[in-house]
Every structure is written in C-alpha cells, then in structure tokens.
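The values are calculated or read from the model by the stated rules, or taken from the named source; none is laboratory data. Being a predicted model, the structure only gives us computed values, none of them experimental. Here the Cβ positions follow ideal geometry from the backbone for every residue, glycine too, while neighbour counts run over all protein chains shown. Just so you know, the surface numbers come from the protein's heavy atoms only, side chains and all, with ligands and any DNA or RNA stripped out. Shrake-Rupley method; radii C 1.70, N 1.55, O 1.52, S 1.80 Å.
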Protein chains: 2
Amino acid sequence: MTAAKLVELWRGGLMESRHLGHVVIADKGGIVEAWGNPGAVIFPRSSCKMVQALPLIESGAADAAGLGTEQLALACASHNGARIHVDRVEAWLSGLGLGDADLRCGSHMPRDPAEKKRLCCSDADPCQAHNNCSGKHPGFLTLTRHLRAGPDYVEIDHPVQKAVRQAFEEVTGEVASGWGIDGCSAPNFACTVEGLARAMAGFAAPEAGLRGQAQQRLVEAMLAHPELVAGEGRACTALMRAMAGKVAVKTGAEGVFVAIAPERGLGLALKVADGATRASEAAIVAVLLHLGLLAADAPVVAEYLTGPQTNWRGRVTGELRRADGFPT
Amino acid sequence: MTAAKLVELWRGGLMESRHLGHVVIADKGGIVEAWGNPGAVIFPRSSCKMVQALPLIESGAADAAGLGTEQLALACASHNGARIHVDRVEAWLSGLGLGDADLRCGSHMPRDPAEKKRLCCSDADPCQAHNNCSGKHPGFLTLTRHLRAGPDYVEIDHPVQKAVRQAFEEVTGEVASGWGIDGCSAPNFACTVEGLARAMAGFAAPEAGLRGQAQQRLVEAMLAHPELVAGEGRACTALMRAMAGKVAVKTGAEGVFVAIAPERGLGLALKVADGATRASEAAIVAVLLHLGLLAADAPVVAEYLTGPQTNWRGRVTGELRRADGFPT
C-alpha cells in the first residue's frame, strides 16, 4: 500500500501542491478505519511524549516528587516557550535542586511572540527552558533522580531511555524498527502508523492497573491544561479547547499528529509523507470532523482546513482541500 | 506519468520523510532530460519574475526610465527586505515620483535579521518595500507609467498584466492553463514544468532581436547582483556566487526552482509536488551537480543537500538524500 492523497492546496482553480500520507483510526480491537499504509514505519517524534512520560508515573517518580497535573501536561508538551511554560519548567528544575544546565534539550528562540521579542530586543540568548521540549526533560530528570541514574539521560543506554523504550514497545505492540535522535536530543523510537494509533487507543481506553492509571492521568493532565501542551496560536491548544476537553491531541515534527478520544475509545495517528505541518494540521482536523469529534463551525476548522488562503493584502489566493476519498 | 521521488530526509538509518516532484532540463530543441511528469501543470510563482520583467524592457520603459542592472536584478528578485533591497526600492519609487503607498504587494516582516530586529524592537510596522517581491512591483509601476495606464497594475485586465501574459505564453510556448493570485497580489500564470524549462532555455540561448536582448539583459543583471536577487543566507544568492556568475537561478514559492545556464544553452525547471522549499533547494543543487555546473565541494552543496542535519545541541540527527534514480 502506498501513501494516500490527504490534503491539497488549490490556487486559481488549479491544484498547486498535494500532500500524501497515512492515517489510522484504531480502538482496542485494532484498525477501525485507515487511509494510506497502516504499516508505514515512522518516527512519532513529539507526538509520543505521553508514551515517553509513562515511566515517570509508573516508576513512582512523579508521586515521589509530588508532580501535579501542570507538570504532567508539560511532560507531554511541545510548547511555545512563553513565560507560562518557561516559569513552570524553571520552578520544576529548582524543585529538583537542578538548573537549566542540567537539561539536555538544547536551546532555541521560543515561538511565543512576546518572549521572543523580549530576548531579541535585549540581545539575550534563549535558555534550554525555552526549548519547545523543555517540559519533557524535567520529567526525564525527575525519573533520573528517582532511579539514581547518571546525568546524561538522553543517551540510548540510560535507564530512563531503556524504560521509555520498553513502554513504547508495550503500548505500540511492536518491537521498535529502530531509533533516531530527536530535535531535543532524546532518542525517538520508530513504529508503524498502526502501532502509534494502537498506542493512542490504549490511552483512550485505559485498562485497570498501573499502566492504565498512568495513561489516564496523562490524558487528564493534557485536557486540563491545553495552554501548557502547546500555547496560544497553536493547533494542539486550539483543538483541545474546541473539543471542550474531551479529546487530547498532540503534534509531532515532520507531519505527525495523534488524537486520543476517551469517550469513544478511539486513538488516531497520522503521518504526512513529506513532513509538512500545514498538512498534518489540516488532516487531523479533517479526521476529527469525520468522526464527529469536532464541530464543523468551530473557528479552528476554518483556521486550519476550510478557511480561505489569503495573501499580504488580505486577498483570497486559494484554499486547502481534502483530497478525493479523504477522509470519506 | 506521476511525480518522481526526488529528495528524502533520513534519521537513524530510516527514511522519515520523502518529497516527490517533477524536473525538466531543456535546451532550444526541447527536453534534454526529465524526471516525473514534464506535462504537470504548475504555478511558477516567483521563479518566473524574469519573464514578468520582459515587457518592462521590451516596451522601452526600462530605458526611458534609465533603469540600471541593479533595478533589473531587483525586478527579478525575491529578496530578504534588507536595507540594500529596501533603500534601492524606495529610491526607484521616488525616482518615479511615487511612494510606498503606490505599491500593491502588501507588507510583511522582512527575513533580513537586522532589519527585522530594527522593526520589531522599535515597534515599527514593515512597509510594502519590505515585501520580498517589492523589486518586481516598481518594475510594474515603471511600465505602467510608460503605458500611461491606471494605478491598479496587479489587476488581470491591466495593460501591464496583459503584456506579462503575452510574454509568458510566448516564452513557455503554451497558452496559460489558468492563473492565480500570487502572495504579492500579482497574477501568476500556470504552465507545465516543460514550458517553464523551455522558457528558461530561451533565456539561456537568447535569439537575435528585442526579445533576446531583453532576456540577456535580465540574466546579466541577475548574475551581476546575486545579493539583490535574494540576499545573505539565501539559496539563490549562494548558488549564483558558487557558480561564479555563470548560472542564474531563481526560487519560487511552493517548491519551484529554475536555472539558466547560458554557456550550456540549458534551462532547468523543477516543482516539488508538496511545495516544500527544503526539497526544491536540495533538488536544484542535485541537478546542478548532475550537470557539472556546481562543484561538489562548494559549501552551498553541503548546506542545502549533502551536509548532516543537526539539532539544537549540534548533534547529527540524519541527512537529506537524493532518491534512487534522481538525478542519475
């Protein structure tokens, strides 16, 4: 099976660009609906942060450190580096008796306009806490402390990453096809789109026991703090708000998006073959509409899928379209 | 014929993302070599600015206004909005007795870091001269003045755009399949990838007469001022510098890239089907290497194609690869 046509950019009545990809909707029983190749091997990138956070809770490290829902939401976040994110990350680190230098995510200018302007206009460099993954890393450090492990927690043979790999393989139901180094330097394990959707279905319908409790706590934390999972102006935050906290969604680099719908017991995973974020955002909106999880008149639908494309003078130049056969 | 595999992003020894597209190398006789579908209909976007500038010269407007090579290069530019660009655009406008308000391109924050910082930290809004297309528009205005036409030079039925369409259809050898509104509000006419490559081959081997002279002047202007065609840190400028002014190249939005090689009488045109710039930049480098027009050890080759992909800590995360069969 090859990639399916998902999203197209149209201009002047002609198709200008097209995005192909793979989409799987799964429940505990397996695939409910799919487009493209469910067996396509992908890197989930940041879309699997809630999987990477499972050992933090299951080990008892989160409770030993007294982590609340804000910190659990940040552990699953790819955030804007706004003060609401950076302040909480710095407080979390200091609570561990650690500082910015103990992070291993690297630093980059934050997306948050106010914080970016503050740094730029004061000629200040961003710190590692500004990294969009800086909430996942204090989670890793909290587990590192609990395990009495060494400081280089992003190394593939570190106890933290061994625990992450085991959890990843258990919830995807697959042996990882391989691993790569993510933008934040943590290992990112590969799986199929079906495996990632299966993992999300597990979060949507958690079973009794330690694993299920951890899954439920992480989903509830994401739903309780959508602004911490991404930030203002971001698809993840806007979509969770638009679905009134009933569906957790998470994006990942290179065109990945996942969704967890507890009331329906459904998990979604999609990968845009070319890695385009504009297409993964439009595709997740299309699938959420298809499942009736998102209202067609929600502003986020127009923003990421159905709204007109406009130029610098506000003139309509075209629109995004769902490709024929996707999602219906 | 469908799109060909062009460029892939690899991570941890696995292919993470893949870009498909269409590539045509042509000379005066037609297609020399092609990948994908030469008949694919595309919008050239800004890659055809040298075509849009033909009426400016052929009408006599450029000489009547005493335009020099800097202004002709700017007419073909998608620039960074640095002072070297904005100052020249403003001087050109004032020379016409016009101002920023006479432009129809709209305004956006420039890419040039220094100018962007200056505007951002002084809470100043960018003007239309900062628009990356602001060099093309004074060209349109110069022709508008020469034709004694009305101020709304971006309207499809304006004499300037009628002249652009005629030139476009003549050099592509096609009747435009349609037209759309570009990011700068000017009409952008559709053609096949083959038609765009044919047009570039015409610029590479200009015939005697008015058309040929105009084509030669525009190519010479681009080659004389690579920094005005794009700017520091941009592929077009870096590639023209790396090829010692022997090959003119121009990017266009949504994954388009063209090249004009006068010494070889060759024209190149490529379109990445998904519209990704990273892939159009890597693909044009690959084709220029394939033709022996670019040295394998040129830093620009490593920057846009062969160099390692690194993350925020400088760790190698993967690399871009030419897909099997492309370009050889």
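Leaving out ligands, DNA and RNA but keeping every protein chain, what accessible area does B:THR328 have, in Å² rounded to the nearest 10, with a 1.4 Å probe?
120
Would any residue of segment B:13-31 have its amide N under 20 Å from a label point 7 Å out along Cα→Cβ of A:THR2? List them or say none.
Answer for this model: B:15-24.
Cα to Cα, under 24 Å, and not fewer than 8 places away if on the same chain: which lysines meet these conditions relative to B:LYS49?
B:LYS28, B:LYS136, B:LYS162, B:LYS246, B:LYS250, B:LYS271
With +1 on each Lys and Arg Cβ and -1 on each Asp and Glu Cβ, how big is the dipole of segment B:135-256 about its Cα centre, in debye rounded to the nearest 20?
Values: 12 positive and 13 negative charges, 76 e Å.
In debye, rounded to 20, segment B:135-256 gives about 360.
When the dipole is taken about the Cα centre of the protein assembly as shown, and only Lys, Arg (+1) and Asp, Glu (-1) are charged at their Cβ, what size is it in debye, to the nearest 20? Write down the numbers at each step before the final one.
Numbers: 64 positive and 70 negative charges, 13 e Å.
Here the protein assembly as shown has a charge dipole of around 60 debye.
Pop out the ³J(HN,Hα) list for segment A:143-156 in order, Karplus 6.51 cos²θ - 1.76 cosθ + 1.60 with θ = phi - 60°, rounded to Hz; leave Gly and Pro as x.
Computed from phi, the couplings for segment A:143-156 are 5, 4, 4, 4, 8, 6, 9, x, x, 8, 6, 9, 6, 4 Hz.
Return the Rg/Rh value of chain A, two decimal places, where both radii are evaluated on C-alpha atoms and Rh is the Kirkwood radius. Please list the in-between numbers first.
Working: Rg = 19.2 Å, Rh = 19.9 Å.
For chain A, the value is 0.97.
Considering only C-alpha atoms, what is the centroid distance from segment A:259-296 to segment B:125-151, in Å?
Each part's Cα centre sits 42 Å from the other's.
Per-residue mean of other chain beta-carbon atoms within 10 angstrom of the beta-carbon, peptide B:214-226?
Numbers: counts 0, 0, 0, 0, 0, 0, 0, 0, 0, 0, 0, 0, 0.
Per residue, the average neighbour count from other chains is 0.
How much of the pair distance distribution for segment B:133-240 lies past 21 Å, counting alpha-carbon pairs only, in percent? Walk me through the intermediate numbers first.
On the way: 2665 of 5778 pairs.
Percent of Cα pairs beyond 21 Å in segment B:133-240: 46.
If I compute solvent accessible area with a 1.4 Å probe over the protein chains, what percent of it on the protein assembly as shown is carbon and sulfur?
Values: 11910 of 23310 Å².
For the protein assembly as shown, the apolar C and S fraction of the accessible surface comes to 51 percent.
Would you calculate a helix-derived [θ] at 222 nm for chain B, using -39,500 (n - 2.57) for each DSSP H run of n ≥ 4 and dividing by the full residue count, to the nearest 500?
Values: 13 runs with 121 residues, N = 328.
-10500 deg cm²/dmol, from helical runs alone.
If a/c stays under 1.5 just call it rounded; otherwise compare a/b with b/c (prolate if a/b is bigger, oblate if not). Do that for segment B:169-227, with a ≥ b ≥ c from the square roots of the Cα gyration tensor eigenvalues.
Oblate, because a/c is 1.5 or more while a/b does not exceed b/c.
Accessible area lost on pairing B with A, both sides, 1.4 Å probe, Å² to nearest 100? Spell out each step's value before the answer.
Details: alone 13440 and 13450 Å², together 23310 Å².
Chains B and A together bury roughly 3600 Å² of accessible area.
Give me D for segment B:1-89 in µm² s⁻¹, whole number, from Stokes-Einstein with Rh from the Kirkwood sum over alpha-carbon pairs, 37 °C and 0.692 mPa s.
On the way: Rh = 16.8 Å.
Taking Rh from Cα pairs, D becomes 196 µm²/s.
Quick check for me: using +1 on Lys/Arg Cβ and -1 on Asp/Glu Cβ, what's the dipole size of segment B:74-215 about its Cα centre, in debye to the nearest 20? Intermediate results must be reported in sequence, preceding the final value.
On the way: 14 positive and 17 negative charges, 57 e Å.
Computed about the Cα centre, the dipole is about 280 debye.
I need the per residue convex hull volume for the protein assembly as shown, using only the alpha carbons, in cubic angstrom as a whole number.
Numbers: hull volume 93.4 nm³, N = 656.
Expressed per residue, the convex hull around the Cα atoms of the protein assembly as shown is 142 Å³.
Quote the FRET efficiency, to the nearest 0.05, computed for B:ALA124 versus A:THR277 with a Förster distance R0 of 30 Å and r equal to the Cβ-Cβ distance.
Details: r = 29 Å, r/R0 = 0.98.
Once the sixth-power term is evaluated, E becomes 0.55.
When ligands, DNA and RNA are left out and all protein chains stay put, how many square angstrom of accessible area per residue does segment B:88-128 have with a 1.4 Å probe? Could you put the intermediate results ahead of the total?
Values: 2070 Å² over 41 residues.
Computed with neighbouring chains in place, this is 50 Å² per residue.
Placing +1 on the Cβ of each Lys and Arg and -1 on the Cβ of each Asp and Glu in segment B:156-242, which of B:ALA163, B:ALA197, B:ALA238 has its Cα farthest towards the positive end of the resulting dipole?
After comparing all options, I get B:ALA238.
To make sure I understand the rule: partners must be lysines, Cα under 17 Å from the Cα of B:LYS117, and not fewer than 8 residues away in the same chain. Which ones qualify?
Partners found: A:LYS116, A:LYS117.
Classify segment B:113-168 as rounded, prolate or oblate, taking a ≥ b ≥ c as the square roots of the eigenvalues of its Cα gyration tensor: rounded when a/c is under 1.5, otherwise prolate if a/b is larger than b/c and oblate if not.
Numbers: a/c = 3.61, a/b = 2.82, b/c = 1.28.
Here segment B:113-168 falls in the prolate category.
Could you work out the relative contact order of chain A, using alpha carbon pairs under 8 angstrom and six or more residues apart, expressed as a whole percent?
Working: 705 pairs, mean separation 80.4, N = 328.
Once divided by the residue count of chain A, the mean separation gives 25 percent.
So what J values fall out for segment A:277-291 if you push phi through Karplus, 6.51 cos²θ - 1.76 cosθ + 1.60 with θ = phi - 60°, rounded to Hz, Gly and Pro as x?
In residue order, the calculated couplings are 5, 4, 7, 5, 5, 5, 5, 5, 5, 4, 6, 5, 5, 4, 8 Hz.
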